[in-house]
1. For a test of the definition: using alpha carbon positions, the gyration tensor, and the 1.5 limit on a/c, classify segment 1-81 as rounded, prolate or oblate.
2. For segment 49-89, give the magnitude of the charge dipole about the Cα centre (Cβ charges: +1 Lys/Arg, -1 Asp/Glu; no others), in debye to the nearest 20.
3. In nanometres, what is the gap between the two model label sites at LYS20 and LEU114, each 7 Å from Cα along Cα-to-Cβ?
4. Loop only by DSSP, 10 or fewer other Cβ within 10 Å of the Cβ. Give me the trypsin sites (Lys or Arg not before Pro) in segment 1-110 that pass, ordered by residue number.
5. Are there chymotrypsin sites (Phe, Trp or Tyr not before Pro) in segment 48-120 that DSSP puts in a loop and that have at most 14 other Cβ atoms within 10 Å, and which ones?
6. Could you work out the relative contact order of the chain? I mean the mean sequence separation of Cα pairs under 8 Å and 6+ apart, divided by the number of residues, in percent.
7. Full-extension gain between ASP65 and LYS33, please, as 0.36 nm times their residue separation minus the C-alpha to C-alpha distance.
8. How large is the charge dipole for the chain, taken about the Cα centre, if only the Cβ atoms of Lys, Arg (+1) and Asp, Glu (-1) carry charge, to the nearest 20 debye?
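Taken together, the values in this text are just the output of simple stated rules run on the coordinates, not laboratory data. Computed from a predicted structure; not experimentally measured. In this analysis, Cβ positions are derived from the backbone assuming ideal geometry, glycine residues included, and neighbour counts consider all displayed protein chains.
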Amino acid sequence: MFLNVSEEAQVKLMPYLEDKAIIVLDLDDGVGKYSKMGVCSLDTSFRLLLLDQLQDKSDFGLTLDSDIGAIYIKDYSKRYLDEKMTLEIDPRLQVFKLKSPSGVLDGNVPIVDLRPEKSK
């Protein structure tokens, strides 16, 4: 499984990568240490979580290969993803969009920075 990160998305993520942040593509389903609540709708909702090197990643047992390195995911969220996924910027709204050849999976993927203040 591979996540293609568009050039525009890479530019937006570069400051976090330069800070050595861990990137997690989190299925926001209310499960896990970093999820406060799930989305109560028929939509599938993802978030990009930013963690530092020492924060707990035990909820995220798999990694996706990508243009920017390993991206962590929950084991079971793999069922929502195709073999080839793309993370890009919506040109009109300037938000991250997660899609595959099958269509758009999530049209608004927010960045949530969960790193402690001192590591930002």
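1. Values: a/c = 1.67, a/b = 1.37, b/c = 1.22.
Taking the square roots of the gyration eigenvalues as a ≥ b ≥ c, segment 1-81 is prolate.
2. 140 debye
3. Between LYS20 and LEU114, the simple spin-label model gives 2.0 nm.
4. Numbers: sites: LYS12, LYS20, LYS33, LYS36, ARG47, LYS57, LYS74, LYS78, ARG79, LYS84, ARG92, LYS97, LYS99; in loops: LYS20, LYS33, LYS36, LYS57, LYS74, ARG92.
Hits after loop and neighbour filter: LYS20, LYS36, ARG92.
5. Working: sites: PHE60, TYR72, TYR76, TYR80, PHE96; in loops: PHE60.
The qualifying sites: there are none.
6. Details: 218 pairs, mean separation 36.8, N = 120.
RCO, the chain: 31 percent.
7. On the way: separation 32, 0.36 × 32 = 11.52 nm, distance 2.33 nm.
Length difference between fully extended and current span is 9.2 nm.
8. Details: 16 positive and 21 negative charges, 43 e Å.
So the magnitude is around 200 debye.
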